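Since the structure comes first, as structure tokens, the remarks are kept for the end.
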Amino acid sequence: MNYYFITGTSRGIGKATAELILQGKDNFVYGLSRTRQIIQNNYEHIKIDLSNPEAVKEFEFPDFENPDSIILINNSASITEITSFGKANTDDIIEGYNVNIVSPGILINCFLKKYQLYKCKRMILNISSGAAKVAIESWGVYCSSKAALSMLSEVIDLEQKLKFSVNPVKVFSVSPGVVDTAAQEKIRNTSEENFSLVGKFIEYKEKNQLATPEEVAGKLIQLINSPDKFEKAEINVKDI
């Protein structure tokens, strides 16, 4: 059996990826999110608030007997208040960093503690963003937290190759491109006063330039099925 742990399975890329994986009868998905939107026999919902690190610390990865593979997909992300620093709400800053980097870091650490010595295929996919590489006005928390997640992915990939070269856990930071999600809708509804580039994101939608969550999910599955094709930890879905 192939076991998947996916954060943010209530919508968007997380939901689409879980549903695609569940088409395989030998796959089992644990969905970590606040609400449950998937009802299937091989799906177990774990209600968890990723903005609360204390709750995430309580989660324990289960033991498995003779698994074929174990995959962690840190998909959940938060674009909180879209505004410049100096105007931002302190609680929104804390929530954004907790969801985007603190909770994924905790989950990665616990995943490695539990499964490092397993002999089966093990992978960690961290869903990054182009915003990890480009400074975008009013996205201070999102850009910096995604940059942190991307660098964390590279560090862990290096550690695995140095310390566990015979049987490393594969680690990737995957940038999905501009995807038609609830976050994009929130961006489009931001005032130009708070985000001068809002017109550009409205244009993406009007000109059908947004990828669908299902398209991105398909690319993630290709990566999971053929990880040895990629040497570097950082990947753009366009390259899969």
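The values are calculated or read from the model by the stated rules, or taken from the named source; none is laboratory data. Keep in mind it's a predicted model, so treat the numbers as computed, not measured. Glycine also receives a Cβ, built like all others from the backbone with ideal geometry; neighbour counts cover every protein chain displayed. Note: areas computed on protein heavy atoms with side chains; ligands, DNA, RNA excluded. Shrake-Rupley method; radii C 1.70, N 1.55, O 1.52, S 1.80 Å.
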Residue pairs meeting the criteria (Cβ under 6 Å; at least 6 apart or on separate chains; first on the phi < 0 side of the Ramachandran plot, in the range 35-63; second among the β-branched types (V, I, T) and open to solvent by less than 40 Å² (accessible area, probe 1.4 Å)):
Y43/V29; L50/V99; S51/V99; A55/I48; V56/I106
Restricting the search to the range 116-157, which residues are of a type in the set (S, T, N, Q), in a loop (DSSP other than H, G, I, E, B) and in contact with a helix residue (DSSP H, G or I) (Cβ under 7 Å, 6 or more places away or on another chain)?
S128, S129
For K170, indicate whether it is in contact with a Pro (Cβ under 6 Å, 6 or more places away or on another chain) and not β-branched (V, I, T).
yes
Just to verify a result, which residue in the range 17-45, among those that are hydrophobic (A, V, I, L, M, F, W, C) and open to solvent by 30 Å² or more (accessible area, probe 1.4 Å), is farthest from I6 (Cα to Cα)?
I39
Pull up the range 56-79, narrow it to residues that are among the aliphatic types (A, V, I, L, M) and modelled with pLDDT under 95, then point me to the one that is surrounded by the most Cβ atoms within 10 Å (Cβ to Cβ).
A77
Determine which single condition I221 fails, assuming it passes every other condition in (1) surrounded by 17 or more Cβ atoms within 10 Å (Cβ to Cβ); (2) farther than 23 Å from V99 by Cβ; (3) of a type in the set (A, V, I, L, M).
(1)
If you check S165 against the conditions, is it surrounded by fewer than 20 Cβ atoms within 10 Å (Cβ to Cβ), of a type in the set (S, T, Y) and closer than 29 Å to E81 by Cα?
no
Residue that is touching a Leu at 6+ places or on another chain (Cβ under 6 Å) and of a type in the set (S, T, N, Q), where the choices are T17, T9:
T17
Residue in the range 80-92 that is farthest from S138 (Cα to Cα), counting only those that are surrounded by 12 or more Cβ atoms within 10 Å (Cβ to Cβ) and hydrophobic (A, V, I, L, M, F, W, C)
A88
